[in-house]
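What follows is a single structure, written as structure tokens, with notes after it.
The values are calculated or read from the model by the stated rules, or taken from the named source; none is laboratory data. Fair warning: this is a prediction, and the values are worked out from it, not measured in the lab. Positions of Cβ are generated from backbone atoms using ideal geometry, with glycine treated the same way; all protein chains shown enter the neighbour counts.
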Amino acid sequence: MDPDSFRAVFKRVVEKVKSSRVKLRKSLSQHITASPRVVDWVLESVDESAVTLEVGSGTGILTYFLCRAVKAPVLAVEIDSVFADLSREVVRCRNAVVLVGDVLDLEITAHQVVSSVPYAISGRLLSKIARSNSVRRAVLILQREVVDRMLSSPGEDAYGRLSVLVRLLFDVTPGPLFHSTEFYPRPKVESRGVVLVRKRMYDDEVALVEELTRAIFPFRRKIVGGVVERLFKVSREELGRIGLNWSTRVYELSEGELLRLAVYLRSRGIL
């Protein structure tokens, strides 16, 4: 058996987990990548020349192959010190470093983020990636429903604040579906890959849109005219001047319309 094949690496990892009696913690959404299809898709999707941050090295399976495909430095951040030690034993790659830490508390300076994202932090990690302008590309495996939200359009049920933020900042390319059998232990939901490529920097205007959606999306099914009149004292005539229809529902507003509204509210000193 080729020692660098997925089957061989997976076998070594399982043996190490069993011999060290490492326990997978549900609270940290810890799973072992159990399918070469997952690794193959990630390696096909990454920029091999980009300095890369891997969020959650886990047992080190994905890190093992990632650092051999990427020619630039790879930093893997793992919150669980036991798993970080295990990853170091498995990976053994000159351009890779495994650190113990919570990525949500760290400044991201890498150009590329790769992760089979722990389900418990998916929303917070996506927001952090969005606000980290050094990140030009992200190759992620997430819950299918989260990817559906990222891909949704104005007026669709899944369209929400995350959809708006992602559509403003990134070109989004959906990847394959991954069945629960491709991870161990099996998660209760299906996963899907997604590639984000930055098209706009996070700036003051995008921050205004986030503030605006935080205020109005709790009323997503309401008519936008009534919502902004009540919250911001904006008249029908003012909405018309910036090209917005009073009768549109909040969740039907595109990211461009939300941006225009946010900029107008700032000009009025409201946001």
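Whenever a residue of region 60-80 is in contact (Cβ under 8 Å) with a residue 12 or more places away in the chain and on the phi > 0 side of the Ramachandran plot, its partners that are assigned to a strand (DSSP E or B) and buried (at least 22 other Cβ atoms within 10 Å of the Cβ), lying with C-beta atoms within less than 9 angstrom and at least six residues away or across chains, give the pairs 60/76; 60/78; 60/98. Can you pull out every residue in region 49-60 that is at pLDDT 95 or above and in contact with a strand residue (DSSP E or B) (Cβ under 6 Å, 6 or more places away or on another chain)? Correct list: 50, 52, 53, 54, 55. The residues of region 195-209 that are surrounded by fewer than 16 Cβ atoms within 10 Å (Cβ to Cβ) and either assigned to a strand (DSSP E or B) or of a type in the set (Phe, Trp, Tyr) (or both) amount to a single one, 197.
Restricting 251, 184 to residues that are touching a strand residue (DSSP E or B) at 6+ places or on another chain (Cβ under 8 Å) and not hydrophobic (A, V, I, L, M, F, W, C) narrows the list to 184.
Filter region 243-256 down to the residues that are touching a residue at least 24 places away in the same chain (Cβ under 8 Å) and assigned to a helix (DSSP H, G or I) and list them by number. Within region 243-256, 250, 251, 252, 255 qualify. Look at region 228-242: where a residue is farther than 15 Å from residue 271 by Cα and a partner is assigned to a loop (DSSP other than H, G, I, E, B), sitting 6+ places away or on another chain with Cβ atoms under 7 Å, you get 236/246; 239/246. Only a single item in (1) in a helix (DSSP H, G or I); (2) surrounded by fewer than 22 Cβ atoms within 10 Å (Cβ to Cβ); (3) at pLDDT 95 or above is not met by residue 8, and it is number (3).
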